[in-house]
1. Among the residues of the stretch 46-74, which ones are within 20 Å of Arg103 (Cβ to Cβ) and either hydroxyl-bearing (Ser, Thr, Tyr) or in contact (Cβ under 8 Å) with a residue 60 or more places away in the chain (or both)?
2. Would you pick out the residues in the stretch 69-91 that are aliphatic (A, V, I, L, M) and touching a Ser or Thr at 6+ places or on another chain (Cβ under 9 Å)?
3. Leu48 fails exactly one of the following numbered conditions: (1) surrounded by 12 or more Cβ atoms within 10 Å (Cβ to Cβ); (2) among the hydrophobic types (A, V, I, L, M, F, W, C); (3) outside any loop (DSSP other than H, G, I, E, B). What is the number of that condition?
Amino acid sequence: MATSRKKKPRFLPATHQAEALPLTCPWLEPGEQGENLEIQDFPTFLILRLANLTKGHLTRRYLDPFGISLPEWRLLALMARYGTLPFSDVTAGSSMDKGQVSRTLQSIHRKELVKLTSVTAVARVRGSAMSPRVEVSISPKGRALFQKILPIARGHQLELLNLLSVEERTVFHAVARRLLTQFPTAPDEA
């Protein structure tokens, strides 16, 4: 008589991931070389998982009704804040790679949310040839969409903050700032 085995899922569903974390902090005794850390205990693993879950669960809830993706929202918000920027500054300010910025800009340009203007830059240091430079600016349609989404986004972000006590918010913010200062540039910007 064959016994039936319940097949284990390949990946732990997101709803069970918090329960799967150890009750005690695995970072208190990581070992001299980090040998006590399992991959799921890596700070980077936890940070990325948290970012992906909040992005998928929270951010998409308020962006999907407007037909805008998270990368599009990030660039739209960047342009709403700064007005006109050269493509290189958009890339640096977005935390996305050049290819993703380029594709995303083309998408929101087709939606008429931003304007792309080609301007001739002064001669570059490495050569004397004039080269075109792309400047990005938010369009009136883009600014109107940003103003519609912003209050909704703020409300959803407030929901997330309300999950934390005042003390937890303070510690989380301080830790995030300290970690960010340790990595001033992305690897492809260095």
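1. Thr59, Leu63, Phe66, Ile68, Ser69, Trp73
2. Keep residues of the stretch 69-91 that are aliphatic (A, V, I, L, M), which gives 70, 75-80, 85, 90.
If the condition is that a residue be aliphatic (A, V, I, L, M) and touching a Ser or Thr at 6+ places or on another chain (Cβ under 9 Å), then Leu70, Leu75, Leu78, Met79, Leu85 are the ones that fit.
3. For Leu48, the failing item is (1).
Here is a yes/no grid of residues against (1) free of Cβ contacts under 8 Å to residues at least 12 places away in the same chain; (2) part of a strand (DSSP E or B):
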site: Leu76; (1), (2): no, no
site: Ala80; (1), (2): no, no
site: Leu85; (1), (2): no, yes
site: Ala92; (1), (2): no, no
site: Gly99; (1), (2): yes, no
site: Thr104; (1), (2): no, no
site: Ser107; (1), (2): no, no
site: Lys115; (1), (2): no, yes
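FYI, it's all coordinate maths here, none of it is from the lab. None of these values were measured; they are calculated from a predicted model. Please note: Cβ atoms are built from the backbone with ideal geometry, for glycine as well, and neighbour counts cover all protein chains shown.
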